[in-house]
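Encoded as structure tokens, the structure appears first; notes follow it.
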Amino acid sequence: MNLYKYVSDKLNEKLGFAAKLEIPRNRDFGDFSTNAAMVMARVAGKNPREIATELLPKIKELDFVSDASIAGPGFINLRIRDDFLWNAVQSAAEITRAPKPMTIDMDYGAYNVAKSLHIGHLRTSIVGDTLYRLGRAIGHKMISYNHMGDWGRSMGMVIAWIEKLHPDWPFFQENFEPTADYSGYAMPVAELDTYYPSAAALAKTDEKFMERAQIITAELQNGHPGYNALYNVFIPVSLQSMDEIIKKLNMLPFDNNLGERNAAKYADPVEKILRDKKLLQQSDGAEIVVVRRDTDNKPMPPVMFRNSRGATTYDATDIMALYYRKITDTPNHIIYLTDSRQSLHFEQLFRVAELTDMFPADSLEHIGYGTINGTDGKPFKTRDGNAAGLNDIIDMVQTAVRDRVAESGKKLDDATIDAIALAALKFNDLSHDLRSDYIFEPSQITSFEGRTGPYILYTAVRLNSVLRRAGKFDTPKTANLGPDERNLVMELLDFDRTVQSAFDSRATDLVANYAYDVCQLVNTFYHNCPILRDDVDAETRNMRLSLIKIAVDVLSRALDLMGLKIPVEM
Ligand code: ARG
């Protein structure tokens, strides 16, 4: 239950007036505070404390209020009855469903074929997956797209490189036989991943090679049978390696692994729309869509629909993908999650969507995330100066966890080490403001203390072990809450609100930091309030065990939203 919303709604209903409910940092004087009297006083031109005095008896009539008092210039503090809280907290882990569920397409991950996944794909994967899970938990129809880079110039580069390596392969021969089985030509992914970087490096100095790659790109896109057959040989290799990472990161599988190539199938209807609306213009042999507005006060280049070589561009495939999603999902909203450096691209795209009447501007949203830096404050690189691969990153964190565990003398199996490492990596990512840069430091994020994933898992493991030791217990009907218990209850009752605001404001850090706050409070509570000691009476023990159980439920739910699992032992 969303306690905040419940209290706020009831209060507004009682006062016939929409006021803002605050959660005070210090709860000594009340659980909530409202500025209703101050706002009313301003409207009526009266003294706020006077109005507050008039409102007080009304507020005290609310059955969940145990006490209300005036503070400062006219704030009203209210305290919630313990029995009401106790009742409410039993369903703290439940998430309120959206009254009007929407269909929301989410474009994240968006991996590139034949290019290994690197650190730049970490946030789009982790945050994308959590936003998707949040939306689904709230009851929206979420449809995820791994909009793969599988159709652009890089594909031509890869094929040109393979042609250089194996000019004798059938794909490059005149008498190519399209119907034969070529799966035997599949190369290991580690090898495939070297082709694009090698080709790109060569293309920088070798103009002829560059030209060849461009020709191949255009021919591939125009249906050249040999290139397409070769393409169909390496696509599954790439897909499989994407799949492995998706599993390793414990992400939900994508609803659609459909990228630029799929989008490109809709070139004709999209071109027709653009022509009918007279939006396509010729420019130096290319075809462009002008998206500039008179009100723009920054550069707004045109969208390249077809380049001078006749190839379909990244811009164009995104317009086509929009068209595809519109006719397939008719979404109410689309969210794209990429590095913030792609902001301009999406601004241009959204303008085309508006110009073509495909989607209104407010239904399209791009979230640009910040960079992951090393301790030197520069984009994180491996020792050899390259952008770190996603697998390297995961390995680094796993090694850091293994070292820590070995140091502490604990013995944990590999699956547990992997689960801890994943928590370290994902929690660290999720707990930072999405739009800002952050520093990646394996030894810091794997600490078992402080704001880290391992700390959260460790707390949950401990709570579970208390419950195991306690065995069966009854949940008391009412409870007399001490200060630590009450603080914990209030925090647990903030779960639903946190989930709602995290999704509404696309702020996954709210969920991560909420989990941390729960752990802090539950640990304080556990430290100060004995449970299984002989001098604790049965009623108190049951109440405390119930609290532990609810805390575990809430934590598990929060961890699940982050795509994390609680190990059995740690
Ligand atoms: N594949 C692109 C990249 O790695 C990201 C694609 C994002 N999604 C989109 N619809 N453009 O940079």
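We did not get these values from a lab; they are worked out from the coordinates using the rules stated. Please read all numbers here as calculations on a predicted model, not as lab measurements. For neighbour counting, all protein chains shown are included, and Cβ atoms are generated from backbone atoms with ideal geometry for every residue, glycine included.
Straight Cα distances below 28 angstrom link K298 to the lysines K277, K278, K378, with same-chain residues fewer than 8 positions distant left out. Taking only the alpha carbons of the stretch 294-400, we obtain Rg and Dmax values of 18.3, 55 Å in that order. Amide H to amide H distances under 5 Å link L21 with no residue, where only residues 5 or more positions off or on other chains count and H is placed in the peptide plane. Per residue, the chain reaches -17000 deg cm²/dmol at 222 nm when only DSSP H runs of four or more residues are counted, each adding -39500 (n - 2.57). Pairs of alpha carbons in the stretch 431-496 separated by more than 18 Å make up 64% of all such pairs.
Placing dummy labels 7 Å off each Cα toward the beta-carbon, the span from N297 to A387 is 3.3 nm.
For K5, the lysines whose Cα comes closer than 16 Å to its Cα, not counting residues fewer than 8 places off in the same chain, are K14, K20.
Here the contact order of the stretch 143-301, divided by its residue count and restricted to Cα pairs under 8 Å and six or more residues apart, works out to 35 percent. What relative contact order, as a whole-number percentage, does the chain give when Cα pairs under 8 Å and 6 or more residues apart are counted? Rounded, it is 16 percent for the chain. Evaluated on the stretch 344-428, the Kirkwood hydrodynamic radius is 16.5 Å, with distances taken between all distinct Cα atoms. Positive end of the charge dipole of the chain (Lys, Arg +1 and Asp, Glu -1 on Cβ, about the Cα centre): tell me which of V291, A218, P236 has its Cα farthest that way. About the Cα centre, the residue reaching furthest to the positive side is V291.
Taking the inverse of the average 1/r across all pairs of different Cα atoms in the stretch 85-171, what Kirkwood radius in Å do you get?
One over the average 1/r among Cα pairs gives 16.6 Å for the stretch 85-171.
Under conditions of 37 °C and 0.692 mPa s, the stretch 188-234 yields 283 µm² s⁻¹ as its translational diffusion coefficient, taking Rh as the Kirkwood radius over Cα pairs in the Stokes-Einstein equation. Converting phi to 3J(HN,Hα) with the Karplus coefficients 6.51, -1.76 and 1.60 and the offset θ = phi - 60°, the stretch 150-165 yields 10, 8, x, 5, 4, 5, x, 4, 4, 5, 4, 5, 5, 4, 5, 6 Hz in sequence order, with x at every glycine or proline. In plain terms, the chain from A98 to Q240 could stretch by 47.6 nm, reckoned as 0.36 nm per residue minus the Cα-Cα distance. Both radii were evaluated on the Cα set of the stretch 512-561; the Rg over Rh quotient, with Rh as the Kirkwood radius, amounts to 1.05. When the P(r) of the stretch 451-550 is calculated, the portion above 18 Å amounts to 50% of the C-alpha pairs. Reported value for the stretch 378-456: 98 Å³ per residue, from the convex hull of its C-alpha atoms. Sorted from greatest to least, the principal axis extents spanned by the alpha carbons of the chain come out as 88, 65, 43 Å. Assuming R0 = 60 Å, what is the FRET efficiency of K20 and D284, from their Cβ-Cβ distance, to the nearest 0.05? Once the sixth-power term is evaluated, E becomes 0.60. Translational diffusion coefficient, Stokes-Einstein: compute it for the stretch 60-134 using the Kirkwood radius over C-alpha pairs as Rh, at 4 °C and 1.567 mPa s, and state it as an integer in µm² s⁻¹. Taking Rh from Cα pairs, D becomes 74 µm²/s.
Cα centroids of the stretch 496-526 and the stretch 191-238: 47 Å apart. For the stretch 394-405, backbone phi angles converted through the Karplus equation (6.51, -1.76, 1.60; θ = phi - 60°) give residue-by-residue couplings of 4, 4, 4, 5, 4, 4, 4, 5, 4, 4, 4, 5 Hz, Gly and Pro being listed as x. Summing +1 for each Lys or Arg and -1 for each Asp or Glu among the other residues whose beta-carbon sits under 10 angstrom from that of V518 gives -3. Backbone geometry of the stretch 378-390 corresponds, through the Karplus equation with coefficients 6.51, -1.76 and 1.60 at θ = phi - 60°, to 3J(HN,Hα) couplings of 9, x, 4, 10, 6, 4, 7, x, 9, 5, 5, x, 4 Hz, x marking Gly and Pro. Largest first, the three principal axis extents of the alpha carbons in the stretch 265-309 are 35, 22, 17 Å in whole numbers. Equivalent-ellipsoid semi-axes for the stretch 142-222 (Cα gyration tensor, √(5λ), whole Å, largest first): 21, 19, 14. Computed from the C-alpha gyration tensor, the three semi-axes of the ellipsoid equivalent to the stretch 388-535 are 30, 22, 12 Å, from longest to shortest.
Going down the list K141/K247; K164/K208; K100/K272, which pairs span over 24 Å between their C-alpha atoms?
Violating the 24 Å limit, Cα to Cα: K100/K272.
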